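The values are calculated or read from the model by the stated rules, or taken from the named source; none is laboratory data. Because the structure is a prediction, the values reported are computed rather than measured. Cβ placement follows ideal geometry from the backbone for every residue including glycine, while neighbour counts extend to all protein chains displayed.
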Amino acid sequence: MFPQTIPQLETLEYAGTCIQARDVGGDYYDFLNLGQERLGLVIGDTSGKGIAAALLMANLQANLRSQSAIALEHPQRFLQSVNQLFYANTAESAYATLFFAEYHDKKCRLRYANCGHYSPLLLRNDHTLERLGSTSTVLGLFNEWDCSIEEVALRPGDTLALYTDGITDSFNETGDDFGEPLLIEALQRHRHLSPQPMIDAIVNEVRQFSSGEQHDDMTLIIARCKQA
C-alpha cells in the first residue's frame, strides 16, 4: 500500500517510512507523480486501529490516487472530491487527518493543505523553525467541506519533516511522551544526514525512548531542498 517508486527530482531529496504497531494499521504516506515537474507529498492517519483502520487507509489511498489528475490545477477541488468519496464510502464516525503538499521542482515551492493533521516541521537552513499548521478540518466527517491552500518557498538546506502521532506520542516507562520538542532536537542533531539515514536515526531514538515497545503506527517523511 505504500509507494514502490520514488520519482527523482533535481532540487529535492526525500524518503519515508511507516512502521506499523500491528500486522496492519491506519497510517498512510505516499509520493504522487503529478506531472509537469511536480511531486505530491502525502501523509495521513485514519481513525481506529488494526483491520478497521487499514481498510479506511486503503479507501483513502484509492481516493487520492484516483483523483490526483486534478490536483495540479485544482488542489482545493481535488481535496473536496477526496473528502466526498471518503465521506460517502465510510461509516459515519470514520475520519482521517491528512497533509497534502505539491512541490514544484523548478521553483522550489510547496503548496499545501493541512486537514487536521499534526503540523509538519520546516527547519530552515538558518536554524529557524516553522510549522505548517491546519488549513481545514479532518476528512470524512462532513459532506460539505472546504480547505484553503497555503504556500511556502523552500531554500537550499531547508528540511521538512512530516509525521504521525506514533512518533511524538510514544511514551516511556514513566508515561512521558517523546513529544514535539524531542523530535525537533533529533531533527537538528541529525540534519547533516540524508533523508533515509535521518529517518532511521530518529526512529531509533523514539524506540530507545519507549524501551522498544511500540504502541501506535510510526510514520515519518523527511524532505530536504538540495544545496545549489
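General observations
- Qualifying residue in region 98-118 (condition: more than 30 Å from Thr11 (Cα to Cα) and either in contact with a helix residue (DSSP H, G or I) (Cβ under 6 Å, 6 or more places away or on another chain) or crowded, with 20+ Cβ neighbours inside 10 Å (or both)): no
- Residues satisfying the stated conditions in region 152-191, i.e. over 16 Å from the mean Cα position of the chain (by Cα), acidic (Asp, Glu) and within 23 Å of Arg111 (Cα to Cα): Asp158
- Residue identified as surrounded by 15 or more Cβ atoms within 10 Å (Cβ to Cβ) and at positive phi among Gly166, Gly140: Gly140
- Note on region 1-48: among residues that are among the β-branched types (Val, Ile, Thr) and either at pLDDT 90 or above or within 12 Å of the chain's Cα centre (by Cα) (or both), the one that is nearest to Gln67 (Cα to Cα) is Val42.
- Taking (1) crowded, with 21+ Cβ neighbours inside 10 Å; (2) in contact (Cβ under 8 Å) with a residue 40 or more places away in the chain; (3) out of contact with any His (no Cβ under 9 Å at 6 or more places or on another chain) in turn, Phe78 satisfies each apart from (2).
- Hits in region 68-84 (condition: over 17 Å from Tyr29 (Cβ atoms) and either of a type in the set (Val, Ile, Thr) or in a helix (DSSP H, G or I) (or both)): Ala69, Ile70, Pro75, Gln76, Arg77, Phe78, Gln80, Ser81, Asn83, Gln84
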